[in-house]
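Please treat every number below as a calculation from the coordinates, not as lab data. All values derive from a computational prediction rather than experimental measurement. Every residue, glycine as well, gets a Cβ built from its backbone with ideal geometry; the counts of neighbours run over all protein chains shown.
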Amino acid sequence: MKQGAFCFFLHSHLPYCRQAGRWPHGEEWIHEAAVGCYLPLLQALWDLRERGAPFRLAIGVTPVLAEQLADALVLEHQEEYLDGLVKRAVKDEERFETSGDGRLADVARFFAHRYTGILDSFRGRFGRNPVQALRQLQDEGFLEVATSAATHGYLPLLTRDSSIHSQLRTGVEAYVHHFGRRPTSVWLPECGYRPAYYAEEDGRSYVKPGIESFLAEMGLHCFFTETHMVEGGMPGGKAQGEVVGPYGSIPRRYVVPMSPQAPSTRKTTHLPYWVEQGQVAVLGRNDRTSLQVWSADQGYPGDALYQDFHKRDGVSGLRYWRVTGPRVDLGQKDLYDPWQAQKRVQAHADHFVSLVEELVRGFYQQTGKYGMVMAAYDTELFGHWWFEGVDWLAAVLRRLAGSTVVELTTPSEYLERHSPEEDIALPEGSWGQGGGHFTWLNVDTEWMWPIIHEAEVRMERLVALHPDSGGALAETLSQAARELLLLQSSDWPFLVSTGQAKEYAVERFREHVQRFDRLATAAEGGKISRGQLEYTRELYEADKLFPQIDYRDFGNRERSGS
């Protein structure tokens, strides 16, 4: 008898970068991630399907990523990028053979074969449309695809309920467009959650609903959160009414008082809980399985035999070396051996499966309950950052599909059979640094948020001014709504905070703010000139984003109680 369930949840997201620059930032982000991660993952899942493996997997695809992965121009560039990789690897093989370096030639031959296989799958198996390939796997029952906020906006720091509503509503409608059904689960960007609290406006107090209220309204029955949000109460064990991180606190008076949980009342990530009674459940990420992959010291990706991410060939830019050791200089890296790496993949898969079975068995023996272990990761870790990660994932799925202890499942399948028995009052927080908002709100990014908040209010006023427009004015308002969503993307403050692409992120943020301001100014005048309409349409052609958007979704919702 199986004693519990296991679910991989892969959160897939990249910022909007269609025609927004080239290497090292811009559209090549999509192409690199697709070649390293999305397409190999699809190959692995289709292989499992064709072999009759009864696997289950949950994968979240942000609407802004789905829009890009289904875009004709992006896919055209994707094919060109793949073809270029094949040619580079073939040229490397010839170059190394000419120079008499047979070992390097063998590795280059391996990558030429690999990239050729990915290109053939892209053209043939997936019909040049990875989103449709995902849709087929979901329609056949192998996957559950979750949605997210439209542009991965960091919801707890948006001040207007209209913005939270429109981020989620636009995301749901985009999901319906791409996957032909309504989503039932949602990955909140960065696991960012905000409970209901009291706010004041014009001297009057009113209730700001928790995120779960917006989800219930849209028929989203399940979301996911970080371990400490379920098991440990307030981040850092702080007192009620504070969200504390390394960068100060945001004082809020919550509708449901919260305090650190006593040991006797603590919840567990093995079980689901109601956040909105009977309507919205939450599942917490299991930290043991997460750390086994993410840990800098003990995680699998740092193994000496795996491909090194940082060292590249000076001519082609391809990676032909292995990790070798944790403190080995780039110049001292050993050559990559894909066959030895595959042996390590199988060993690590065996180890992970043993860990999952141990966790499931232990919880069942301790409580007698049929719990679930949810291991959640960024999808881009697999194949892109950790080259062998997709192979490892497939090996784990194949083994667990035959386990006598563990049932592979998806969140919705599990909740259908094992409805929550208890409620939980989640604290505000995220899976970011310190468990709070620091990654997105700090001394380097605080200047962005007043601009975002001003744009939120301005969009509400535009909807109030033009509640039922048509023609050129409606086009302009719709494009203003798209630019608002784009400037709200959590990627811009994240990239500034981490320093990964600070200048690029600031430039993109300011660009969308400027576009929004120009569109809003034109719409406020009520009459759209021919030149302005041409500008609006140029922006839409540049972005080609969310064609079904309804600017009315951005109307004022404060004090509405919904």
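Helical runs (DSSP H, four residues minimum) scored at -39500 (n - 2.57) apiece and divided by the length of the chain put the mean residue ellipticity at 222 nm at -14500 deg cm²/dmol. Candidate membrane-span-like segments in the chain, meaning DSSP H helices with Cα atoms spread over at least 15 Å of their own axis and a Kyte-Doolittle mean of -1.0 or above, are 39-50, 72-98, 102-123, 161-179, 338-367, 389-401, 448-465, 471-487, 502-525, with no membrane implied. Here the gap between Thr367 and Glu558, fully extended at 0.36 nm per residue and compared with their Cα-Cα distance, gives a gain of 64.4 nm. Estimated from the Cβ-Cβ distance and a Förster radius of 22 angstrom, the FRET efficiency linking Ser412 and Met1 is about 0.45.
Label positions at Trp294 and Thr268, each projected 7 Å from the Cα along the C-beta direction, are separated by 2.2 nm.
Can you tell me how much longer the chain between Ala464 and Arg181 gets when fully stretched, taken as 0.36 nm per residue apart minus their C-alpha distance, in nm with one decimal?
Between Ala464 and Arg181, full extension yields 98.8 nm more.
Measuring how big the stretch 448-554 is from its alpha-carbon positions, Rg and Dmax come out at 14.0, 43 Å. Checking every one of the GluC sites (Glu not before Pro) in the stretch 71-145 against DSSP loop status and a limit of 12 other Cβ atoms within 10 Å picks out Glu140. Within straight-line reach of Lys333, meaning a Cα separation under 21 Å, sit the following lysines at least 8 residues removed in sequence or on another chain: Lys311, Lys343.
Given DSSP loops and a limit of at most 15 other Cβ atoms within 10 Å, what is the longest stretch of the chain that contains no such chymotrypsin sites (Phe, Trp or Tyr not before Pro)? Mind dumping the intermediate values first?
Working: sites that count: Phe309, Trp385, Trp447.
Formally, the longest exposed-site-free interval is 1-308.
Along the Cα-to-C-beta direction of Ser99, a point sits 7 Å from the Cα; which residues of the stretch 312-333 have their amide N less than 15 Å from that point? 312-321, 331-333, by backbone N distance to the label point.
Spatial offset of the stretch 45-96 relative to the stretch 385-413 amounts to 20 Å, using the alpha carbon center of each. Summing Lys and Arg as +1 and Asp and Glu as -1 over all other residues whose Cβ lies under 9 Å from the Cβ of Arg18 gives a net charge of -3.
Just to be sure I understand the curve: with the Debye formula and one point per C-alpha of the chain, what is log10 I(q)/I(0) at q = 0.06, 0.11, 0.13 Å⁻¹? For the requested q values the scattering log ratios are -0.31, -1.06, -1.44.
Glu50 to Arg530: extension gain in nm, 0.36 nm per residue of separation minus the Cα-Cα distance?
167.3 nm
For Lys208, give me every one of the aspartates and glutamates with a C-alpha distance below 14 angstrom, ignoring sequence neighbours fewer than eight places off in its own chain. Straight-line reach from Lys208, under 14 Å: Asp161, Glu200, Glu428, Glu558.
Modelled this way, with points 7 Å down the Cα-to-C-beta line, the labels at Glu454 and Glu511 are 2.1 nm from one another. The orientation-averaged shadow of the Cα convex hull for the stretch 158-204, equal to a quarter of the hull surface, comes to 4.3 nm². Across the options Phe126, Gly203, Thr170, the greatest Cα extent toward the positive end of the charge dipole of the chain (unit charges at beta carbon of Lys, Arg, Asp, Glu) belongs to Phe126. Applied to the stretch 309-316, the Karplus parametrisation 6.51 cos²θ - 1.76 cosθ + 1.60 on θ = phi - 60° returns per-residue 3J(HN,Hα) values of 7, 8, 8, 10, 5, x, 9, 8 Hz, with x for Gly and Pro.
What FRET efficiency would be calculated for the residue pair Gln132, Gln548, taking the C-beta separation as r and a Förster radius of 30 Å, to the nearest 0.05? Don't skip to the answer; put the middle values down first.
Numbers: r = 18 Å, r/R0 = 0.59.
Once rounded, the FRET efficiency stands at 0.95.
Pop a pseudo-label 7 angstrom from the Cα along the beta-carbon direction at both Gln346 and Glu446 and give the gap in nm to one decimal. Simple spin-label model gives 5.6 nm for this pair.
Taking a straight line from the alpha carbon of Lys527, these aspartates and glutamates sit under 13 Å away, with near neighbours fewer than eight places off in the same chain left out: Glu475.
In Å, the Kirkwood hydrodynamic radius of the stretch 314-362 over pairs of distinct alpha carbons?
Values: mean 1/r = 0.0747 Å⁻¹.
When all Cα pairs of the stretch 314-362 are included, the Kirkwood radius is 13.4 Å.
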